[in-house]
Amino acid sequence: MKKIAILGSTGSIGTQTLEVVRNNDDLCVTALSAGNNIQKLEEQIREFKPKYAVVFQEEKAKELEIAVADLEVKVLSGMDGLLTIATMKEADILVTAIVGMIGIRPTIAAIESGKDIALANKETLVTAGHIIMKLAKEHGVKILPVDSEHSAIFQCLNGENQREIDKLLLTASGGPFRGKKREQLETVTLVDALKHPNWVMGRKITIDSSTLVNKGLEVIEAKWLFDISFDQIEVVVQPQSVIHSMVQFVDGGIMAQLGTPDMRLPIQYALYYPERRPLPGERLDFMKLKSLTFESPDTDTFRGLFLAYEAGKAGGSMPTVFNAANERAVAKFLEEKIKYLDIIEIIDTCMKKHCIVENPSVDEILEAEQWTYEFIESRW
């Protein structure tokens, strides 16, 4: 029986992780956490009966505690609660499906407790990759990627020598605005930006996909996951979202992982690695597919990807500023307080104003995040 704890169980990755649990009777959920969706969390608690449940907001945690008073579950709150379930002895692996830099401290604590990490919280590696990967190596912990693109690369490298990588080919769908030019994006609405052509995801990541910022975050994440230079990471637009990513080796050979756009596959692969388990669902039918197409990303129109490479190469605290600026800008766009193109303008301005801190500690990473938020609030 493999015991798992999930940070962010009510979001897209969290709920799909629980689907995987439903299909496998040798998985046991020992802890769940949510931001404030206590109604959904209560439903999950009643079904999966974890030992702990965490709600980040203290008042919401008190509400949940009353709602589940008939169950044997301990309700916790805040960062202390997240750290408790990240380090609990009753879990073998921690699924970090939580959104934002709030995931950094629990991930570090879990690694120091010797737990493997099924990583879906990309901000952790984007901002603190230099800390996380070093710690994982020191403690003999596996960082198992859950993002479909990173999982694809991880699968392609299984049994291969990473020193023989020539480059990584990260695929992107291109999002809902693929092929459009900047002037066509001036009137984009929130409804337009939330219409992803292939994937069903949370609101924030859907907006990130439309700007290609999400792909930029994945580029930075890939650098840390696979210990490779930015010059060896290439983004390829693959509109059908069938090829999830590829690896080109020094002899010119290329390996790719293909499949339908179903996040349960990378989630299940991370939970059972190196074993593969049957997974119900649609299978890829090449006779119906007929063709695959490829394009270069338009980094002039979608400057978020260009800025991600710039932030990654600058290093230090700059990726934190890139991530935090995007996070706050997208939040403002989701609240319809700014225009669509303002998202990239805000990121660019923050990066230009920031003074880089080299090799930042966790406290310095969080300080850079706070500086970014305060700068944005003073200007927009």
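The values are calculated or read from the model by the stated rules, or taken from the named source; none is laboratory data. If you're wondering where the values come from, they're calculated on a predicted model, not measured in any experiment. Neighbour counts run over all protein chains shown; Cβ positions are idealised from the backbone, glycine included. All accessible areas refer to the heavy atoms of the entire protein, side chains included, with ligands and DNA or RNA removed. Shrake-Rupley method; radii C 1.70, N 1.55, O 1.52, S 1.80 Å.
Does region 366-380 contain any residue that is part of a loop (DSSP other than H, G, I, E, B) and out of contact with any helix residue (DSSP H, G or I) (no Cβ under 7 Å at 6 or more places or on another chain)? No. Has region 302-314 got any residue that is among the acidic types (D, E), open to solvent by less than 40 Å² (accessible area, probe 1.4 Å) and part of a helix (DSSP H, G or I)? No, because not a single residue in region 302-314 is among the acidic types (D, E), open to solvent by less than 40 Å² (accessible area, probe 1.4 Å) and part of a helix (DSSP H, G or I).
Taken over region 193-209, residues that are of a type outside the set (G, A, S), in contact (Cβ under 8 Å) with a residue 24 or more places away in the chain and not in a loop (DSSP other than H, G, I, E, B) amount to 5. Cβ-Cβ distance below 9 Å, separation of 6 or more or different chains: which pairs start in region 265-278 with a residue that is modelled with pLDDT of 95 or more and of a type in the set (D, E, K, R) and end on one that is in a helix (DSSP H, G or I) and open to solvent by 20 Å² or more (accessible area, probe 1.4 Å)? Once the first residue is modelled with pLDDT of 95 or more and of a type in the set (D, E, K, R) and sits in region 265-278, no partner that is in a helix (DSSP H, G or I) and open to solvent by 20 Å² or more (accessible area, probe 1.4 Å) comes close enough. The set of residues in region 240-251 being over 15 Å from S148 (Cα atoms) and open to solvent by less than 50 Å² (accessible area, probe 1.4 Å) consists of Q248, F249. Just one of the listed residues (L279, L217) is under 19 Å from the mean Cα position of the chain (by Cα) and crowded, with 16+ Cβ neighbours inside 10 Å, and it is L217. Listed by first and then second residue, the pairs linking a residue in region 82-106 that is on the phi > 0 side of the Ramachandran plot to a residue that is of a type outside the set (K, R), with Cβ atoms under 7 Å apart and 6 or more places separating them unless they lie on different chains, are G100/E123; G100/E327. Residues of region 295-306 that are farther than 17 Å from I205 by Cα and within 20 Å of the chain's Cα centre (by Cα): F306 alone. M287: hydrophobic (A, V, I, L, M, F, W, C), part of a helix (DSSP H, G or I) and more than 19 Å from the chain's Cα centre (by Cα), yes or no? So M287 passes the test. In region 166-183 there is no residue matching the filter, namely being charged (D, E, K, R), in contact (Cβ under 8 Å) with a residue 40 or more places away in the chain, surrounded by 18 or more Cβ atoms within 10 Å (Cβ to Cβ) and under 30 Å from K134 (Cβ atoms). Filter region 342-380 for residues that are of a type in the set (D, E, K, R) and in contact (Cβ under 8 Å) with a residue 60 or more places away in the chain and give the result. The answer is E369, and nothing else. With the condition kept exactly as written, say whether any residue in region 1-17 is more than 16 Å from the chain's Cα centre (by Cα) and without any contact (Cβ under 8 Å) to a residue 24 or more places away in the chain. No; the residues of region 1-17 include none that is more than 16 Å from the chain's Cα centre (by Cα) and without any contact (Cβ under 8 Å) to a residue 24 or more places away in the chain. List the number of the failed condition for M101; all other conditions in (1) surrounded by 16 or more Cβ atoms within 10 Å (Cβ to Cβ); (2) over 24 Å from K2 (Cβ atoms); (3) modelled with pLDDT of 95 or more; (4) under 20 Å from the mean Cα position of the chain (by Cα) hold. Tallying (1) surrounded by 16 or more Cβ atoms within 10 Å (Cβ to Cβ); (2) over 24 Å from K2 (Cβ atoms); (3) modelled with pLDDT of 95 or more; (4) under 20 Å from the mean Cα position of the chain (by Cα), M101 fails exactly one: (3).
Can you tell me how many residues in region 82-98 are within 20 Å of the chain's Cα centre (by Cα) and open to solvent by less than 10 Å² (accessible area, probe 1.4 Å)? Within region 82-98, residues that are within 20 Å of the chain's Cα centre (by Cα) and open to solvent by less than 10 Å² (accessible area, probe 1.4 Å) number 7.
In region 42-77, the residue that is modelled with the lowest pLDDT out of those that are closer than 22 Å to K3 by Cβ and of a type in the set (D, E) is E72.
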